[in-house]
Amino acid sequence: MRTLLLLVLTFTFTTSDISARTPGKPEPGPSASSARSRRVKRTMKPFRSQRELASYFAALAQKHQREEARRAAIERRKALREARRAAKPSGDMVTIVAPEAAAVNTQSSVVGLYTITESVTNIQVAGVDEGGIVKVHGNHLVVLRRGRLFTIAINDGELKPISAIDAFGPDMYPGGSWYDEMLISENTVVVIGYSYQRGGTEVGLFDISDEGQLAYRSTYHLSSGDYYSSRNYASRLIGSKLIFYTPQYVNPYNVDPVSSFPGVRKWHEGATASEFHRIVQANRVYRPETNFNPDEGMTFHTVTVCDLANREFDCKGTTVLGPFGRVFYVSNDSVYVWASPWGSTQKGKSLLFRMPLDGSGPSALRVSGSPVDQFSFLESEDQHLNVLVRSDSHGDGMWAAEVAEGEVALMRIPLASFSDGSESVPAYRYRRLEKPEGYTFQNRFVANYLIYGTGTGWGAPKNVEQSNLFIVDWVNGNSYQLRLPHGVDRIEPMGADAVIVGTDGKNLHFTSLRLNQSPGIVSQYVREEASQGELRSHGFFYKPDSDNSGTFGLPISVPGRPGYEHLFQDSAAIIFLRNDALQFREVGELGSRPEIAIDDQCRASCVDWYGNARPLFLRGRVFALLGYELVEGTLGDGRMQELRRINYAPAAR
């Protein structure tokens, strides 16, 4: 459970150093017809019937039983030999063989053209919205905070709390549930959470009126494992299509593993597990044409697409069978899932699935290594998929992305090369890259470049006098290495250029990076005695006002604060910097007032897993969301000045 993991996390980061162990406005995406035009060699085959699906798992179980019997016989013979040897006089040389490491076991509708008005979310792919803690609906901000939804009016200079409601149903006990992210489609607010008590991904639907009033509609559950990732988000929205990736870890030797297949249930008081009905039928379950070892973990990797155009929760799913570890990435027309075995990510043992959003069959390739997180991916306009991989990485589930290790390579493959899983990506498609020192790895594709380096992340800041920033031109093949006086904790695009954010152990650095034919550092700004207040990608936002100028904001906190403290402590302020031709200038900050904090009597989701602070640029106005405070600022004479603030915390019950 996440509560237990929180205790482990707290102990780990407070008693050791983790590194020692280990935006803008979205544009419409391509139509479904363009997705269909991206032909692949072959697609994977689905199971033809429920009987064939059951037979597949029965065969796995029988093979496992035979293998277990063989191993038991070997162990008995070994024990007998040892007993006979022990009965003889001593003096014989004895060879001790270390035991093998124990294995860890652990539909889509057509997506067409659409229109999105304005975004306050720092998204990775234009046109693909990501589940977040704050969104815009008409003349209102909608905020998800500590198990509640809030609306705040912002029309015509307003700044006024309007409505508040629990992020769960009125007949639901919220204990053991986490309400993490939110999306809005038309007049529907969707809250995505995970409930250990009710068994899976929890999807709450709420109505929102033009006046900002919220009303609970219904709740649905998707059977799944916990989707939590320290970096990724569980949901995406393209038009009215709500897209989920949900992993379901399964014991393939179970009597009836098919009973674990993804299902959906509409919640009501007294609902039972028997009310889940499958949303993935046998002919939408695919297996790759290759063998992978179920002993190293098997997972049902499911992409579910739900149409929010009507008031029902109309969902269709597609499932692929693959190894345990996972990273997923969503482009405008496909979901990519990289699945890696727990034991090894080398020598073609991982699988990369491509699952189109137009309903056509998924395809797969055998691959080596594993990406660190979703930012390791880029589906480029030249019909290629580019992925940074590391040799000792196991995906981004929970905190796995924070401890990626090993060699580094860039895999670049044509989309047309995807097949049925029987083929491996050839060695020449991997370009070996320089391996950075350190373990908290950050990477990002910006324009035609891949940028990566290491920093502090969730651990305590380390004194850094110098670190390396690696830049790879994946179009022309050139590589560059730059020296920074700080670590690399955040890489963010600024149009065709980038900003690198990191700590030297005491101060927070902002380095502007020019990306053209010869990448280089242009300027640096140092905020003394400060640290990042947020680690999530959504904590940053850049608002351009021309090709080479704009303003960005980032939550900051006290110096030397370990990264994990963002789960428990609010950010002190949001700092705003002006970018003029890659020259940075601080224009000020909007700070919080913790002394006026109100007890919210939190009942659910009382740890800010997905953050609580955001810079917001909206309709010519600037806001700082800081916990329960929303502060508006104005730029006068080039300096940020506080204009007004509200506290939207719920009233005591």
Would you mind stating whether Ile500 is crowded, with 17+ Cβ neighbours inside 10 Å and either touching a Lys or Arg at 6+ places or on another chain (Cβ under 6 Å) or farther than 19 Å from Ala409 by Cα (or both)?
yes
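Let's see how each residue does on (1) part of a strand (DSSP E or B); (2) farther than 19 Å from Asn507 by Cβ; (3) under 24 Å from the mean Cα position of the chain (by Cα); (4) at pLDDT 95 or above:
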residue	(1), (2), (3), (4)
Tyr542	yes, yes, yes, yes
Asp545	yes, yes, no, no
Phe552	yes, no, yes, yes
Arg561	no, no, yes, no
Asp570	no, yes, yes, no
Phe576	yes, no, no, yes
Ile598	no, yes, no, no
Looking only at segment 306-320, count how many residues are assigned to a strand (DSSP E or B) and either farther than 19 Å from Ala282 by Cα or touching an Asp or Glu at 6+ places or on another chain (Cβ under 7 Å) (or both).
3
Heads up, the strands (runs of 3 or more DSSP E) in segment 149-243 (entirely inside) with at least 3 residues that are under 30 Å from Ala400 (Cβ atoms) and of a type in the set (Val, Ile, Thr) are 188-195
Going by what's in this entry, would Tyr249 be described as in a strand (DSSP E or B) and surrounded by fewer than 22 Cβ atoms within 10 Å (Cβ to Cβ)?
yes
Out of the residues in segment 347-366 that are polar (S, T, N, Q) and under 15 Å from Lys45 (Cβ atoms), which is surrounded by the most Cβ atoms within 10 Å (Cβ to Cβ)?
Ser363
Report whether or not Glu275 is charged (D, E, K, R), surrounded by 22 or more Cβ atoms within 10 Å (Cβ to Cβ) and touching a strand residue (DSSP E or B) at 6+ places or on another chain (Cβ under 9 Å).
no
Which ranges mark the strands (runs of 3 or more DSSP E) fully within segment 389-458 that have 1 or more residues being among the aromatic types (Phe, Trp, Tyr) and touching a helix residue (DSSP H, G or I) at 6+ places or on another chain (Cβ under 8 Å)?
440-446
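Quick grid of which residues meet (1) touching a His at 6+ places or on another chain (Cβ under 9 Å); (2) modelled with pLDDT under 90; (3) under 16 Å from Leu242 (Cβ atoms):
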position	(1), (2), (3)
Glu312	no, yes, yes
Lys316	no, yes, yes
Tyr336	no, no, no
Pro341	yes, yes, no
Ser344	no, yes, no
Lys347	no, yes, no
Pro356	no, no, no
Arg366	no, no, no
Ser370	yes, no, no
Residue that is nearest to Gly395 (Cα to Cα) [pool: residues in segment 202-235 that are of a type in the set (Ser, Thr, Tyr) and under 15 Å from the mean Cα position of the chain (by Cα)]:
Ser229
Assess whether Thr304 counts as being touching a Cys at 6+ places or on another chain (Cβ under 8 Å), under 26 Å from Pro371 (Cβ atoms) and either buried (at least 24 other Cβ atoms within 10 Å of the Cβ) or not β-branched (Val, Ile, Thr) (or both).
yes
Could you list, in sequence order, the residues of segment 369-409 that are more than 18 Å from the chain's Cα centre (by Cα), more than 22 Å from Gly457 (Cβ to Cβ) and surrounded by fewer than 22 Cβ atoms within 10 Å (Cβ to Cβ)?
Ser380, Glu381, Asp382, Gln383, His384
Do any residues in segment 249-267 that are farther than 22 Å from Glu296 by Cβ have Cβ atoms under 9 Å from those of residues that are at pLDDT below 75 and not basic (Lys, Arg), where the two are at least six apart or on different chains, and which pairs are they?
Arg265/Gly199
From Asp166, Asp171, Asp210, Asp156, residue being charged (D, E, K, R), in contact with a Lys or Arg (Cβ under 8 Å, 6 or more places away or on another chain), over 30 Å from Val250 (Cα atoms) and surrounded by fewer than 23 Cβ atoms within 10 Å (Cβ to Cβ):
Asp166
What about Tyr249, is it among the aromatic types (Phe, Trp, Tyr), under 24 Å from Ser185 (Cα atoms) and touching a strand residue (DSSP E or B) at 6+ places or on another chain (Cβ under 7 Å)?
no
Sole residue being in contact with a Gly (Cβ under 7 Å, 6 or more places away or on another chain) and either at pLDDT 95 or above or under 27 Å from Val320 (Cα atoms) (or both), chosen from Val189, Val111
Val111
Within segment 480-493, is even one residue modelled with pLDDT of 90 or more, in a strand (DSSP E or B), among the charged types (D, E, K, R) and within 27 Å of Ser229 (Cα to Cα)?
yes
Give the residues of segment 125-153 that are among the polar types (S, T, N, Q) and buried (at least 22 other Cβ atoms within 10 Å of the Cβ), sorted by residue number.
Thr151
Taking the criterion of being more than 23 Å from the chain's Cα centre (by Cα), modelled with pLDDT under 95 and not aliphatic (A, V, I, L, M), would at least one residue in segment 175-183 satisfy it?
yes
Meets criteria (in contact with a strand residue (DSSP E or B) (Cβ under 9 Å, 6 or more places away or on another chain), outside any loop (DSSP other than H, G, I, E, B) and of a type in the set (Gly, Ala, Ser)) for Ser518
no
Counted residues, segment 260-269 - those being crowded, with 17+ Cβ neighbours inside 10 Å and not in a strand (DSSP E or B)
4
Residue hits (segment 29-55; in a loop (DSSP other than H, G, I, E, B), at pLDDT 75 or above and buried (at least 17 other Cβ atoms within 10 Å of the Cβ)) are Val40, Thr43, Met44, Phe47
Members of segment 270-301 found to be in a loop (DSSP other than H, G, I, E, B) and either closer than 22 Å to Gly325 by Cα or touching a Cys at 6+ places or on another chain (Cβ under 6 Å) (or both), listed by number:
Ile279, Val280, Pro288, Glu289, Thr290, Asn291, Phe292, Asn293, Gly297
I'd like to know if segment 90-108 contains one or more residues that are closer than 24 Å to Val191 by Cα, modelled with pLDDT under 95 and either of a type outside the set (Val, Ile, Thr) or touching a Ser or Thr at 6+ places or on another chain (Cβ under 6 Å) (or both).
yes
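The values are calculated or read from the model by the stated rules, or taken from the named source; none is laboratory data. Small disclaimer: the values here were computed from a predicted structure and weren't measured. Because the Cβ atoms are built from the backbone with ideal geometry, glycine has one as well, and the counts that use them run over all protein chains shown.
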